[in-house]
């Protein structure tokens with residue numbers, strides 16, 4: 001498939017791509033933008049109280065909104081709540097925006113917030129871990145009461161998986177009703193979602209009148225759809241294809257700064273994952289600049305952190321850069337009792353140093369293969385199990401594995417979000433995690449998060465960051481996306497402009 005796509009793009013760039021090369025096919029309806037997106041995971045998230053429809057996965061369709069939003073700089077911004085304050089050691093008070101209506105004309109108010117956070121089974125784990133209750137003060141005021149002091153609560157409420165729905169409704173109610181800039185007009189599971197601009201929206205109106213999201217799990221198929229003029233935007237453009245797309249005057253590429261990091265995480269239940277010497281050797285064997293160049297086509301930055309450095313602020317510089325030193329990796333394995341066997345794979349008595357590397361649908365198979373090759377160079381045998389859908393990924397985890405390539409995403413404005421969700425490896429890490437929750441200033445949280453990162457990456461080697469990755473969009477000429485969000489799930493699409 002990829003060879004076909006490259007050949008077609010090359011032909012288009014040389015003037016042999018159909019017509020005079022100036023058009024990528026007929027546009028959609030006036031004011032419509034057609035977007036190719038990855039796998040539709042919503043049918044897998046459950047129904048009713050557990051549903052995450054239209055607000056979770058890789059696609060936040062702008063149908064629902066949380067109380068607060070996260071800007072592209074990872075700071076908290078007002079949303080359905082205009083302002084907030086602590087009114088007690090464990091209580092945050094939120095003052096709701098007046099005059100907001102749901103898509104069906106119902107007034108938004110405190111009852112909807114209480115229901116959304118207490119009447120449903122589903123809510124982001126970062127909040128539910130400490131949330132005790134949500135109390136209506138009056139129609140436009142609610143109190144969130146925690147079981148213990150949680151100074152990060154406003155930062156946690158930005159998560160798009162905690163949307164506000166009307167009282168007694170769910171994400172998948174019929175019809176689905178939210179307060180966002182777009183309303184649902186058609187949803188065909190695993191095929192497409194169509195939303196239209198909500199003219200009664202309280203904030204800036206969307207520039208596009210209609211968005212049609214087409215679910216295409218295969219990234220190369222999405223690219224081919226753009227080339228044929230079947231879509232106007234590709235979300236998750238294959239990174240290795242960006243140069244070819246940028247060389248074709250019919251299209252252009254938009255990049256958002258890194259909001260996700262491709263990392264290797266060890267399975268603590270695996271004998272290899274529990275072995276610090278093995279973990280350290282793996283970290284030393286990975287050439288991160290080569291990974292960015294060869295796997296991401298330069299569309300990323302060498303891995304150093306588990307979170308995007310922007311959310312860590314000035315404290316990001318305190319995290320040492322991981323070293324690349326294959327000779328030292330070999331020496332460590334020799335000293336740990338893993339000499340090289342006759343075929344080059346290291347042995348400890350009858351045991352081979354043979355690891356299983358798994359990866360889900362959002363990670364590049366080329367990245368898994370590169371990691372396997374670099375580990376083979378130090379005597380580690382790697383079996384790669386790449387999943388191309390969510391279910392297969394879960395099955396691979398259930399079968400057992402030693403290390404996983406994943407792409408955790410910064411969907412929370414808390415600088416320690418991706419760190420406090422991990423099991424504390426020791427009391428020192430646990431103390432930093434507690435400080436991150438109770439710290440009074442963002443700078444203090446950032447320092448705690450940076451210290452936790454250093455423990456994971458350069459002390460315990462339980463996480464091996466490979467690359468901070470850019471969110472990449474391929475667009476038809478004339479279609480613009482003015483403010484792409486580093487964290488794709490927070491992309492609201494309101495700045496997406498259709499071609500004239």
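The values are calculated or read from the model by the stated rules, or taken from the named source; none is laboratory data. Note that the structure is predicted; figures quoted are calculated from it, not measured. All Cβ positions, glycine included, derive from the backbone under ideal geometry; neighbour counts span all protein chains shown.
Specify which of the listed residues (388, 417) is surrounded by fewer than 21 Cβ atoms within 10 Å (Cβ to Cβ), touching a residue at least 24 places away in the same chain (Cβ under 8 Å), in the same structural domain as residue 319 (by TED's automatic domain parsing) and within 30 Å of residue 43 (Cβ to Cβ).
Unique residue meeting the criteria: 388.
Of the numbered conditions (1) part of a helix (DSSP H, G or I); (2) at pLDDT 95 or above; (3) touching a strand residue (DSSP E or B) at 6+ places or on another chain (Cβ under 9 Å), residue 396 satisfies every one except a single condition; which is it?
(2)
Given the condition assigned to a strand (DSSP E or B) and more than 25 Å from residue 377 (Cα to Cα), answer yes or no: does some residue in the stretch 223-234 qualify? Explain how you work it out, then say what you get.
Of the residues in the stretch 223-234, the ones assigned to a strand (DSSP E or B) are 233-234.
Filter again for more than 25 Å from residue 377 (Cα to Cα), leaving 233-234.
Checked the stretch 223-234: at least one residue is assigned to a strand (DSSP E or B) and more than 25 Å from residue 377 (Cα to Cα).
Quick one: would you say residue 364 is within 20 Å of residue 58 (Cα to Cα) and under 24 Å from the mean Cα position of the chain (by Cα)?
Details: within 20 Å of residue 58 (Cα to Cα): yes; under 24 Å from the mean Cα position of the chain (by Cα): yes.
When the stated conditions are applied, residue 364 passes them.
Out of 316, 277, 310, I need the residue that is in the same structural domain as residue 352 (by TED's automatic domain parsing), part of a helix (DSSP H, G or I), at pLDDT below 95 and on the phi < 0 side of the Ramachandran plot. Which one? Let's see the steps before the verdict.
Details: 316 fails: at pLDDT below 95; 277 fails: at pLDDT below 95.
After applying the criteria, what remains is 310.
Would a scan of the stretch 27-37 turn up a residue that is in a loop (DSSP other than H, G, I, E, B), modelled with pLDDT under 85 and either touching a strand residue (DSSP E or B) at 6+ places or on another chain (Cβ under 7 Å) or not assigned by TED's automatic domain parsing to the domain that holds residue 228 (or both)? I'd like the intermediate steps shown before the answer.
Filtering the stretch 27-37 down to residues in a loop (DSSP other than H, G, I, E, B) leaves 27-31.
If we keep only those that are modelled with pLDDT under 85 too, we end up with 27-29.
With either touching a strand residue (DSSP E or B) at 6+ places or on another chain (Cβ under 7 Å) or not assigned by TED's automatic domain parsing to the domain that holds residue 228 (or both) added as a condition, the list becomes 28-29.
Checked the stretch 27-37: at least one residue is in a loop (DSSP other than H, G, I, E, B), modelled with pLDDT under 85 and either touching a strand residue (DSSP E or B) at 6+ places or on another chain (Cβ under 7 Å) or not assigned by TED's automatic domain parsing to the domain that holds residue 228 (or both).
Right, residue 295: buried (at least 20 other Cβ atoms within 10 Å of the Cβ) and touching a residue at least 24 places away in the same chain (Cβ under 8 Å) or not?
Numbers: buried (at least 20 other Cβ atoms within 10 Å of the Cβ): yes; touching a residue at least 24 places away in the same chain (Cβ under 8 Å): yes.
Against the criterion (buried (at least 20 other Cβ atoms within 10 Å of the Cβ) and touching a residue at least 24 places away in the same chain (Cβ under 8 Å)), residue 295 qualifies.
For the stretch 166-193, how many residues meet the condition of being crowded, with 19+ Cβ neighbours inside 10 Å and not in a loop (DSSP other than H, G, I, E, B)?
Summing the residues that are crowded, with 19+ Cβ neighbours inside 10 Å and not in a loop (DSSP other than H, G, I, E, B) in the stretch 166-193 gives 5.
With at pLDDT 85 or above and buried (at least 17 other Cβ atoms within 10 Å of the Cβ) as the only criterion, which of 24, 8, 12, 61 stands out? Walk me through how you get there before you give the answer.
Working: 24 fails: at pLDDT 85 or above; 8 fails: at pLDDT 85 or above; 12 fails: at pLDDT 85 or above.
It is 61.
Rundown of residues vs (1) modelled with pLDDT under 95; (2) in the same structural domain as residue 84 (by TED's automatic domain parsing); (3) over 23 Å from the mean Cα position of the chain (by Cα), yes/no style:
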| position | (1), (2), (3) |
| --- | --- |
| 161 | yes, no, no |
| 166 | no, no, yes |
| 172 | yes, no, no |
| 181 | no, no, no |
| 186 | no, no, yes |
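In the stretch 47-58, how many are surrounded by fewer than 22 Cβ atoms within 10 Å (Cβ to Cβ) and within 27 Å of residue 141 (Cβ to Cβ)?
Count: 1.
For the stretch 323-344, state whether one or more residues are within 17 Å of residue 263 (Cβ to Cβ) and modelled with pLDDT of 95 or more. Break it down into steps so the answer makes sense when it comes.
Keep residues of the stretch 323-344 that are within 17 Å of residue 263 (Cβ to Cβ), which gives 323-324.
Filter again for modelled with pLDDT of 95 or more, leaving 323-324.
Yes.
Among 440, 400, which is over 24 Å from residue 305 (Cα atoms) and surrounded by fewer than 18 Cβ atoms within 10 Å (Cβ to Cβ)?
Values: 440 fails: over 24 Å from residue 305 (Cα atoms).
Answer to the selection: 400.
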